[in-house]
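Note sheet for the following structure.
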Amino acid sequence: MTRIGIIVGSSRPHRNSEQVAQWVRDRACLREDATFELVDLRDHPLPHFDERLPPAFGVYQNDHTKQWARTIASFDGFVIVTPEYNHSIPGVLKNAIDYLYAEWANKAVGFVSYGMAGGARAVEHLRTIAGNLHLADVRQQVTLHLMTEFEDYTVFRPGDYNLDALDAMLGEVVAWSAALTPLRAVPAAGAS
């Protein structure tokens, strides 16, 4: 069965992304066409990139990199839950993405973002990054506004009107992940 990792894209204390990711997982688990698992960046404390060779070489020396690579390689696709920080993504998320190359390739990715502008600018940056990593980003995304979806900016209370977009995005991620299965048997360009 298709395996989708839901990446919790923030590790700061008092983060909102954990609540949002759990909401995504709870909804996703109603589906019968894939399995879904939370991937919390707090469980993968990666220092600033510290490998000797670029990730495209696929030669990892550090245990934390090898563990992260095994985790990401085990999934067929992803949903990234991200806040928007200064019109972009959190540094911890960018660092975690940058650690790997081939493990991301030929998989689908969807985005759930939140912030004062719904996190839309963070997703713009993620789409550019995804293209370089051979991640197929799906069109549908979920944007959640701090003013309307969070009580006192901290307690996540999503309106049911978000469910259509969430269901559509999940459906696209699952379908594209399954469709890309044959390509994952071929190493990504630039990988060794």
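We did not get these values from a lab; they are worked out from the coordinates using the rules stated. Values in this document were obtained by computation on a predicted structure and should not be read as measured data. Every residue, glycine among them, receives a Cβ derived from its backbone with ideal geometry; neighbour counts consider all protein chains shown.
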Worksheet item: List the pairs whose first member sits in segment 151-176 and is within 17 Å of Arg31 (Cα to Cα), whose second member is assigned to a helix (DSSP H, G or I), and whose Cβ atoms are under 6 Å apart, counting only residues at least 6 apart or on separate chains?
Response: Leu166/Arg27; Leu170/Ala28
Worksheet item: For the subset of segment 139-169 comprising residues that are among the polar types (S, T, N, Q) and exposed (fewer than 15 other Cβ atoms within 10 Å of the Cβ), which member is nearest to the chain's Cα centre (by Cα)?
Response: Thr154
Discussion item. Only one of Val81, Val174 is surrounded by 21 or more Cβ atoms within 10 Å (Cβ to Cβ) and farther than 20 Å from His44 by Cα. Can you tell me which?
Written reply: Val174
Worksheet, complete the sentence: Within segment 2-40, the residues that are touching a residue at least 12 places away in the same chain (Cβ under 8 Å), among the charged types (D, E, K, R) and surrounded by fewer than 18 Cβ atoms within 10 Å (Cβ to Cβ) are Arg3, Arg12, Glu18, Arg25, Arg27, Arg31, Asp33, Glu37, Asp40
Fill in: Pairs, first over 14 Å from Val92 (Cβ atoms) in segment 41-64, second β-branched (Val, Ile, Thr) and surrounded by 11 or more Cβ atoms within 10 Å (Cβ to Cβ), C-beta under 9 Å, six or more apart
Asp50/Thr65; Glu51/Val59; Glu51/Thr65; Arg52/Val59; Leu53/Val59; Pro55/Thr65
Discussion item. Quick check on my filter: what residues within segment 42-71 are more than 19 Å from the chain's Cα centre (by Cα), among the hydrophobic types (A, V, I, L, M, F, W, C) and in a helix (DSSP H, G or I)?
Written reply: Ala56, Phe57
